[in-house]
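Colleague: Would you mind keeping the following structure in view while I ask a few things?
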Amino acid sequence: MSTQSNAMTESSIQSQGTTPTEISFARAMYWSIRREIWENRSIYVAPLVAAALFLFGFLINMMAMRRHIGTASLGPAQHDLLATRYEISASLIMGTALIVGIFYSLDALYGERRDRSILFWKSLPVSDLTVVLSKLAIPILILPLLSFAITLATQFIMLALSSVMLLGSGVNIASLWTGASFFKVSLVLLYHLLTVHGLYYAPIYGWLLMVSAWAPRAPFIWAFLPPFVICGVEKIAFNTTYLLGLIEERLIGGPDSSMVEHDHAQDFAGTLIPHHFFSMPGLWIGLAMAAVFLFVAVRLRRYRGPI
Amino acid sequence: MTVIEARGLRKAFGTTIALDGIDLRVDEGRILGLIGPNGAGKSTALNAILGLTQYHGELRVLGRDPWNERDQLMRDVCFIADVAVLPRWMRVSQALDYVEGVHPRFDRSKAEGLLAKTTIKRTSKIRHLSKGMVAQLHLALVMAIDARLLVLDEPTLGLDILFRKQFYDSLLNDYFDRSRTIVVTTHQVEELQHILTDLMFMDRGRIVLNCTMDEIESRYVEVMVHPGQVAAARALKPIYGRQVFGRSILLFDSGTNQNIDRQQLAALGEARTPSIADLFVAVVGNQSGMAQGAAQ
């Protein structure tokens, strides 16, 4: 028996030689995030579809409105109407992104265990920290930026559509473009997306990722049932709604309420200076919680194998 | 140079002991076959080596602690854990892009060259590839990585014989050289017989045999005994015997039984080196009292 002498002599390709360089953290992050987007195309498809559907609705609405608009120039009422629609379009796209973000986070560290692909990912020199951070970057950075870009494009198309629609009606179209204060609204939106969706919601996404890394099955139930049950127990035991209040405040309250008031105010730049937002203790407590959740998620990913 | 060194490696899942204090040393340039029945602890041992599971005891892989340094270790270690772990949603081109993006030692042109020999299209999704093609793709990805240790855990499970043959041929001809080390577990031991340099049998969390293939050749003899010589042969205390077509085939271990000499055995019948599967049944079957699934 010649154990493997044939292997020795026939080994033709010798790819030893050039010792390659390190892969930087930024590069590993970049490819990990791209990988996430390849896998979860809903990250961009869902907001795009929402935007397309909204534009379709808007078109129908415009056609109906055209009959009613007289020959006079646009009054403040019409401007307000358009502004309201901008807000609706932004809310719709942001809401879609939020839902996508929630479901994405719940599946992010669970799906790879369920389909066993975690064994492939772990065979590559990418740390658990990089993987978890790249998965966090999707809801807190990529989705807000994407929804910003899509909202901006949608609003631009809305404006263009309105202009075309009103072209023959004698309405002063220029006032549409100046009145809409397109630039300012966009800045507020970007600010809102990055602070609220990026930072203020971070503990929510952190929690979801942690549950996703831990859950033996059904991460959705594990993520939502415990807070729900605890709220109920708290209510019956102490007749308080402390946790519910906390969750509610995190979801609806927070910096958002103050933002909206400033939205139409004159000292617009004031809203952009973030001294108020960044001095909120709720933000920092939330970020600290997010850090804890993420730390646990990173540890869990190391321990957990395929299920 | 030592690639893997383990001392007193232990791992328990609840009350089940998967690894019962094993000592192991694998040097550079070896191809080690890790053979054992289901539940023997092979995969646990490999998982410990790959940093996928925690363990007690000492373990160093290429001088690193796998559990705490998995990501750095994976620059020099590749593994194919299973035929079906490539993400099914991925496209072939995306798999190439991603590995090229995150692995400092990935040679894309080499992977492309290996894929060119197959019928795999770059635009195909992995879910649309046959099982054999997925294995080819995974092997192409792994072979294009200039790693020092390659770990294969049942790499050909469920593949047909053509793919299996091709898999090992490709591994030997286009990948293996003396500076690399391969550790492989499989139930299809027959195909490994001529590939391995070292053999290790595991059973119930322990190593029951650990030697080079050359040692196997010099130590174990299998004799198909002439009908008239059976009693004489049995007197030499074979470690295992079986009947094939009415003839006795006896296996002798000259390592533990000093009375055996090869010429004497040759006189009793047709002597040859046993196959890994027969040796496995003899060694592990004797120990556990039942010969469960050496070669499935």
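Colleague: Can you tell me which residue in the stretch B:122-132 is farthest from B:Val77 (Cα to Cα), limited to those that are more than 10 Å from chain A (Cβ to nearest Cβ) and buried (at least 19 other Cβ atoms within 10 Å of the Cβ)?
Modeller: B:Leu129
Colleague: Out of A:Leu82, A:Leu92, which single residue is in contact with a helix residue (DSSP H, G or I) (Cβ under 8 Å, 6 or more places away or on another chain) and modelled with pLDDT of 80 or more?
Modeller: So the residue among A:Leu82, A:Leu92 that is in contact with a helix residue (DSSP H, G or I) (Cβ under 8 Å, 6 or more places away or on another chain) and modelled with pLDDT of 80 or more is A:Leu92.
Colleague: Within the stretch B:39-57, track down each residue that is over 20 Å from A:Leu119 (Cα atoms) and out of contact with any Phe, Trp or Tyr (no Cβ under 9 Å at 6 or more places or on another chain).
Modeller: Selection gives B:His56, B:Gly57.
Colleague: Name the helices (runs of 4 or more DSSP H) wholly inside the stretch B:43-121 in which the number of residues that are within 11 Å of another protein chain (Cβ to nearest Cβ), at pLDDT 95 or above and more than 24 Å from B:Thr181 (Cβ to Cβ) is 3 or more.
Modeller: B:92-102
Colleague: State which residue is nearest to A:Phe156 (Cα to Cα) when the search covers only the stretch A:77-94 and only residues that are without any contact (Cβ under 8 Å) to a residue 12 or more places away in the chain and of a type outside the set (S, T, N, Q).
Modeller: Out of the qualifying residues, it is A:Glu87.
Colleague: Test of understanding: among B:Asp198, B:Asp174, which residue is within 30 Å of B:Ala144 (Cα to Cα), within 14 Å of chain A (Cβ to nearest Cβ), touching a strand residue (DSSP E or B) at 6+ places or on another chain (Cβ under 7 Å) and touching a residue at least 60 places away in the same chain (Cβ under 8 Å)?
Modeller: Among B:Asp198, B:Asp174, only B:Asp198 is within 30 Å of B:Ala144 (Cα to Cα), within 14 Å of chain A (Cβ to nearest Cβ), touching a strand residue (DSSP E or B) at 6+ places or on another chain (Cβ under 7 Å) and touching a residue at least 60 places away in the same chain (Cβ under 8 Å).
Colleague: Taking the options A:Thr178, A:Thr195, A:Thr151, name whichever one is surrounded by fewer than 14 Cβ atoms within 10 Å (Cβ to Cβ) and either under 17 Å from the mean Cα position of the chain (by Cα) or at pLDDT below 70 (or both).
Modeller: Testing whether each residue is surrounded by fewer than 14 Cβ atoms within 10 Å (Cβ to Cβ) and either under 17 Å from the mean Cα position of the chain (by Cα) or at pLDDT below 70 (or both) leaves just A:Thr178.
Colleague: In this structure, does A:Ala291 turn out to be at pLDDT 90 or above and at positive phi?
Modeller: Criteria not met by A:Ala291.
Colleague: Could you list all residues from the stretch A:152-166 that are free of Cβ contacts under 8 Å to residues at least 12 places away in the same chain and over 21 Å from A:Leu189 (Cβ atoms)?
Modeller: A:Val164
Colleague: Moving to a separate point now. Taking A:Ser134 as the residue in question, decide whether it is part of a helix (DSSP H, G or I), hydroxyl-bearing (Ser, Thr, Tyr), within 14 Å of chain B (Cβ to nearest Cβ) and over 21 Å from A:Ser91 (Cα atoms).
Modeller: Yes: the conditions hold for A:Ser134.
Colleague: In addition: Select from the stretch B:212-268 the residues that are within 26 Å of B:Ile195 (Cβ to Cβ) and of a type in the set (Asp, Glu) and list them in ascending order.
Modeller: B:Asp214, B:Glu215, B:Glu217, B:Glu222, B:Asp253 - these are the residues of the stretch B:212-268 that are within 26 Å of B:Ile195 (Cβ to Cβ) and of a type in the set (Asp, Glu).
Colleague: Hey, another quick one. Give B:Thr181, B:Thr212 a once-over and let me know the one that is β-branched (Val, Ile, Thr) and surrounded by 20 or more Cβ atoms within 10 Å (Cβ to Cβ).
Modeller: B:Thr181
Colleague: Right, here's the next one. List the strands (runs of 3 or more DSSP E) that sit entirely inside the stretch B:167-243 and contain at least 2 residues that are under 20 Å from B:Val61 (Cα atoms).
Modeller: Counting at least 2 such residues, we get B:181-185, B:198-203, B:206-212.
The values are calculated or read from the model by the stated rules, or taken from the named source; none is laboratory data. Worth saying up front: this structure is predicted, and the values here are computed from it rather than measured. Backbone-built Cβ (ideal geometry, glycine too); neighbour counts: all protein chains shown.
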